[in-house]
1. Work out, step by step, the length gained on full extension between GLU120 and PHE24: first 0.36 nm times the residue separation, then minus their alpha carbon distance; give nm to one decimal.
2. Given a Förster radius of 35 Å and the C-beta distance between THR111 and ALA74 as r, what FRET efficiency does 1/(1 + (r/R0)^6) yield to the nearest 0.05?
3. Looking at the chain as a GNM with Cα springs under 10 Å, which of GLY133, GLY11, GLY96 has the largest mean-square fluctuation?
4. Rank LYS71, LYS47, LYS80 by mean-square fluctuation in a GNM of the chain with C-alpha springs under 10 angstrom and give only the top-ranked residue.
5. Using the 4.7 Å Cβ rule, please list in number order the cysteines from the chain without any candidate partner.
6. Give me the net charge for the shell around PHE155: Cβ to Cβ below 12 angstrom, other residues only, Lys and Arg +1, Asp and Glu -1.
7. With a/c under 1.5 counting as rounded, go ahead and sort segment 83-165 into rounded, prolate or oblate using the C-alpha gyration tensor (a ≥ b ≥ c being the square roots of the eigenvalues; past the cut-off, prolate if a/b is larger than b/c, else oblate).
8. Select from GLY133, ILE121, LEU103 the residue farthest towards the positive end of the dipole of segment 41-134; place +1 on Cβ of Lys and Arg, -1 on Cβ of Asp and Glu, and compute about the Cα centre.
Amino acid sequence: HSMLNDKRILGIIPARGGSKRVPFKNITMFRGKPLIQWAIEHAKASKYLDHWVVSTEDAAIAIYAKDHLLKRPAFLADDKVPTEAVIVHALYSLPGFDYAVLLQPTSPLRTAWDIDTCIEIAITKHGEHGYTGCVSYVNGSFRNGAVYVCNVEHFLQHLSFDAAHHYDMPPERSLDIDHMWQFE
């Protein structure tokens, strides 16, 4: 991988076993591959991630994560637990990173290019307009859930992705699977 301004970057794929709307959502097949596998391939293909982990409490998902497994305590796997708490757990489990990149398995059509562009924006424009990260949007107005990049120090202080540049993704790559019908 190529270092960007000497920053160490961690990829975090949050993938719990349960899901209210779609049981086993993260290992459900989409175009011939389980959702979790898409996210793992995206993490591997990014040229900037120094390390990436799959945060899960689930044994089936752990099999896909292999040596990139970050075992999540059961109390962080409840569906009421905010993603921010999962990220904090990862950042405290794996200290020493400058930036973190959240890659949700529910966005199988994002590309490594989307991820790397967000990372480049977050790092090279750090502090511009007070922004310290970058979040992917669709149609300029809605977060599409595909890529969230945050400065670790800022995130741990504010527990939010609000201080973020917008990165616009086209609708055809912005699919966000949260309901069973979207697998059709």
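The values are calculated or read from the model by the stated rules, or taken from the named source; none is laboratory data. Worth saying up front: this structure is predicted, and the values here are computed from it rather than measured. Using ideal geometry, Cβ is built from the backbone for each residue, glycine included, and neighbour counts are taken over all protein chains shown. Accessible surface is based on the protein model in full, side chains and every heavy atom, while ligands, DNA and RNA are left aside. Shrake-Rupley method; radii C 1.70, N 1.55, O 1.52, S 1.80 Å.
1. Values: separation 96, 0.36 × 96 = 34.56 nm, distance 3.33 nm.
Full extension of this stretch gives 31.2 nm more.
2. Values: r = 33 Å, r/R0 = 0.95.
It comes to 0.55.
3. For the chain, modelled as a Gaussian network with Cα springs under 10 Å, the answer is GLY96.
4. With Cα springs under 10 Å in the chain, the top fluctuation among LYS71, LYS47, LYS80 is at LYS80.
5. So far as the 4.7 Å Cβ criterion goes, CYS150 stand without a partner in the chain.
6. Numbers: positive: none; negative: GLU84, ASP98, GLU153, ASP162.
Taking every Cβ under 12 Å from that of PHE155, the sum is -4.
7. Numbers: a/c = 1.60, a/b = 1.20, b/c = 1.33.
Oblate is the answer for segment 83-165, as a/c is 1.5 or above yet b/c matches or exceeds a/b.
8. Farthest towards the positive pole: LEU103.
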